[in-house]
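Reviewing the structure listed below.
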Amino acid sequence: MQKREPSDILIPADYKQEFCQTLRVWFEKNKRDLPWRDTNDPYRIWISEIILQQTRVAQGFDYYVRFIGRFPDVLSLADAEEDEVLKYWQGLGYYSRARNLHQAAMTIKNQFAGQFPVAHKEVLSLKGVGDYTAAAICSFAYGAPYAVVDGNVYRFLSRLLGIDEPIDSVSGKNYFASLAQQLLDLESPALHNQAIMEMGALQCVAASPCCTQCPFANRCFAYYHSTVDQLPVKIHKTKTRARYFAYFFLSKGDALYIQKRTGKDVWKNLYELPLVETETPVDEAFLADCEPVMKWLEGRVLPAPLFQIKHVLSHQVIHASFYELELSGDVSVEGAREIHKAELENYPVSRLIHLFLEHCHPELLDLP
Ligand code: SF4
């Protein structure tokens, strides 16, 4: 069994035929029953694909059902307020996906007369739609011959064919895209694309795949050479940055203070509690000396945090502490919005704030 080199990118026709046949047979036996598989509506396919980026199917399923229930078509999404769209995304993370969906829906309304575009180039022009999503929409909805390449496909093909081109390099991406396109079953691109992703998601999984049960084991380079755990290859290590957030649940009777995050940072346009961020871990004595906290304390000692959590994002680890203070009528909270506690459910908040509320104020949570 030979390792394939970048120059050796031409897939022989007989190999392709056997590959497609094996994949199809495996898929028919093993595929999951997912709601977005039974539709060729490009809008629903688009929503499901965006939700499933960086989200597990089990978690994404409920969000998809709720989202489609509230925004059943492009126009209902385009006409909604961004706050409401974000509210339906609350807890899924990567909120730029929801903001991009909303903006792309408005583009479809204004530039495509409310009709989801059909041409691959136009689908690709929508905000937040990259090569993978455009290929998924065009193949699933219109049967167009575009091969999908997602993390599952990278993993499966790199192992099967013994490819150590880094999947996070431009040349690696081009190499895998060319391979996947050559292997695509042109007679049924939608089925083929579903099948190859499902192969990576269920069979050729990241950790300890059950190779003895795999229909490709007899021709798999990585299995044959015991390099399954070394493929695929990535060159860039993700750098993470530690941040320290002290959040303040400030209330005056039934009133509560929240603020909107703006600027280029995580959770843009979501709401949160008044925050003091520091470069390093700090204790209550330090916080009590900070300008806004000193004012909120009104001479009191800052109590221990009600809730603490280490919240891991893709490039950041946020060490969050939550404090609770009841304010007197004389104290103002600059830059914050005063709302009735019962109104909090109308504001989209980050997963971190959601976790705090789940633990300490579940009565204030009411997801759509
Ligand atoms: S034999 Fe193992 S490594 Fe190779 S494709 Fe199958 S599951 Fe993946």
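Please indicate, with yes or no, whether at least one residue in the range 147-166 is modelled with pLDDT of 95 or more, more than 16 Å from the ligand (Cβ to nearest atom) and assigned to a helix (DSSP H, G or I).
no
Checking the condition of a type in the set (Ser, Thr, Tyr) and within 16 Å of the ligand (Cβ to nearest atom), which residue from Tyr175, Tyr224, Tyr142, Tyr132 passes?
Tyr224
In the list Ala246, Ala288, Ala207, which residue meets the criterion of being within 21 Å of the chain's Cα centre (by Cα) and aliphatic (A, V, I, L, M)?
Values: Ala246 fails: within 21 Å of the chain's Cα centre (by Cα); Ala288 fails: within 21 Å of the chain's Cα centre (by Cα).
Checking each option against the conditions leaves just Ala207.
Residues of the range 178-204 being within 16 Å of the ligand (Cβ to nearest atom) and over 25 Å from the mean Cα position of the chain (by Cα), which ones?
Listed by number, the residues that qualify are Leu179, Leu183.
Which one of these does Ser169 not meet: (1) under 30 Å from Ala144 (Cβ atoms); (2) of a type in the set (Ser, Thr, Tyr); (3) crowded, with 20+ Cβ neighbours inside 10 Å?
In the conditions (1) under 30 Å from Ala144 (Cβ atoms); (2) of a type in the set (Ser, Thr, Tyr); (3) crowded, with 20+ Cβ neighbours inside 10 Å, Ser169 misses (3) alone.
If Thr212 satisfies all but one of (1) more than 7 Å from the ligand (Cβ to nearest atom); (2) in a loop (DSSP other than H, G, I, E, B), what's the number of the condition it fails?
Here Thr212 clears every test but (2).
Working carefully through the options Gly60, Gly69, Gly91, find the one that is part of a loop (DSSP other than H, G, I, E, B) and among the small types (Gly, Ala, Ser).
Numbers: Gly60 fails: part of a loop (DSSP other than H, G, I, E, B); Gly69 fails: part of a loop (DSSP other than H, G, I, E, B).
Just one listed residue meets the conditions, Gly91.
Listed here are the residues, each with its yes/no results for (1) of a type in the set (Val, Ile, Thr); (2) touching a Leu at 6+ places or on another chain (Cβ under 7 Å).
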residue: Ala255; (1), (2): no, no
residue: Lys260; (1), (2): no, no
residue: Leu287; (1), (2): no, yes
residue: Val293; (1), (2): yes, yes
residue: Phe307; (1), (2): no, no
residue: Ser314; (1), (2): no, no
residue: Val317; (1), (2): yes, no
residue: Ser328; (1), (2): no, no
residue: Ser332; (1), (2): no, no
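The values are calculated or read from the model by the stated rules, or taken from the named source; none is laboratory data. Everything quoted here is computed from the prediction, not taken from an experiment. Glycine gets a Cβ as well: all are built from the backbone with ideal geometry, and neighbour counts include every protein chain shown.
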